[in-house]
Amino acid sequence: MHEAIVSDDSVWVTAEVGAVHPRRVQTVINGKPTRFDSAHTGTEHVVAVVDDVDAIDAVLVGRLIRHHADLAPLGTNVNFVQAVGRQALKIRTYERGVEAETLSCGSGAVAAVVIATLRGLVSPRAVTVHNRAGEPLTVRPHPDRPRRTHWVGGPVTNTFEGVLA
């Protein structure tokens, strides 16, 4: 079950956090050993904490990790995360199914915050996640179920209205 809060300028939805597995995949990126931890947030995600998300070829590395043998047969979404402040992250996401980098991913933002919290990069409270879309998402623990459920939300803009007949 998901909860949602919709207002004129923002939308918030809950995401349930399932299994979390540290060091699910390990590789070398730009000459540096890099580990990917996994977190299931409605769909499978792996998250690597890196020094500079902009230095990563998100499509090339994302595609390789998405199809890694340890993640078969379904593969996974692949996130690269950089701490940019005590309660802020910068993220890039390679999305399975799309098979490319996506501009914003709510379940990926939640996975990134879960892993960054476990690694001590952020505190278990509201975290701003800066994405390629330029419209940051905020992820915060649900007050009643802080270890299992997170709220993810951000600004929205009405871009179309219509009538279905």
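The values are calculated or read from the model by the stated rules, or taken from the named source; none is laboratory data. Every value quoted in this text rests on a predicted model; they were computed, and no experiment measured them. Counting neighbours? That spans all protein chains shown, and the Cβs are built from the backbone with ideal geometry, glycine included. All accessible areas refer to the heavy atoms of the entire protein, side chains included, with ligands and DNA or RNA removed. Shrake-Rupley method; radii C 1.70, N 1.55, O 1.52, S 1.80 Å.
Ordering 157-165, 107-115 by mean Cβ neighbour count within 10 Å, with the highest value first, yields 107-115, 157-165.
Evaluating kT/(6 pi eta Rh) at 10 °C and 1.306 mPa s, with the Kirkwood radius of the stretch 72-165 over Cα pairs in the Stokes-Einstein relation, gives 111 µm² s⁻¹.
Remind me, relative contact order of the chain in percent, using alpha carbon pairs under 8 angstrom and six or more residues apart?
Working: 349 pairs, mean separation 36.0, N = 165.
Relative contact order, the chain: 22 percent.
Overall, the stretch 66-165 carries a charge dipole of about 520 debye about its Cα centre when +1 sits on the Cβ of Lys and Arg and -1 on the Cβ of Asp and Glu, all other atoms neutral.
Rolling a 1.4 Å probe over the protein heavy atoms of the stretch 46-138, with every protein chain left in place, gives an accessible area that is 55 percent carbon and sulfur. Quote to one decimal, in nm, the extra length available between H142 and W12 on full extension: 0.36 nm per residue of separation minus the C-alpha distance between them. My answer for the length gained is 45.7 nm. Electrostatic bookkeeping for Q26 treats Lys and Arg as +1 and Asp and Glu as -1; over the other residues with beta carbon under 13 Å from its beta carbon, the sum is +2. Here the Debye sum runs over all C-alpha atoms of the chain as equal scatterers in vacuum, and log10 of I(q)/I(0) at q = 0.12, 0.13 Å⁻¹ comes out as -0.50, -0.59. You can think of it this way: the chain between R86 and E99 has 1.5 nm of extra reach, that is 0.36 nm per residue less the Cα-Cα gap. Shown for the stretch 77-117 is the translational diffusion coefficient from the Stokes-Einstein equation, using the Kirkwood radius over Cα pairs, a temperature of 10 °C and a viscosity of 1.306 mPa s: 153 µm²/s. Treating each Cα of the stretch 88-138 as one equal point scatterer and applying the Debye formula with no solvent, the log10 of I(q)/I(0) at q = 0.19 Å⁻¹ comes out as -0.58.
What FRET efficiency, computed as 1/(1 + (r/R0)^6) with R0 = 41 Å and r the Cβ-Cβ distance, is obtained for V163 and H21, rounded to the nearest 0.05?
On the way: r = 47 Å, r/R0 = 1.14.
E between V163 and H21, to the nearest 0.05, is 0.30.
Say a paramagnetic label sat at a point 7 Å from the Cα of H2, along Cα to Cβ; which residues of the stretch 104-128 have their backbone N under 11 Å from it? Under cut-off, by backbone N: 106-107. Estimated from helices alone, the mean residue ellipticity of the chain at 222 nm is -4000 deg cm²/dmol (sum of -39500 (n - 2.57) over DSSP H runs with n ≥ 4, per residue).
Only one residue of T93, V6, V113 has its Cα farthest out toward the positive end of the dipole of the chain, where Lys and Arg carry +1 and Asp and Glu -1 on Cβ, and that residue is V113. Once the Cα atoms are used to define both axes, helix 106-118 deviates from the longest principal axis of the chain by about 60 degrees.
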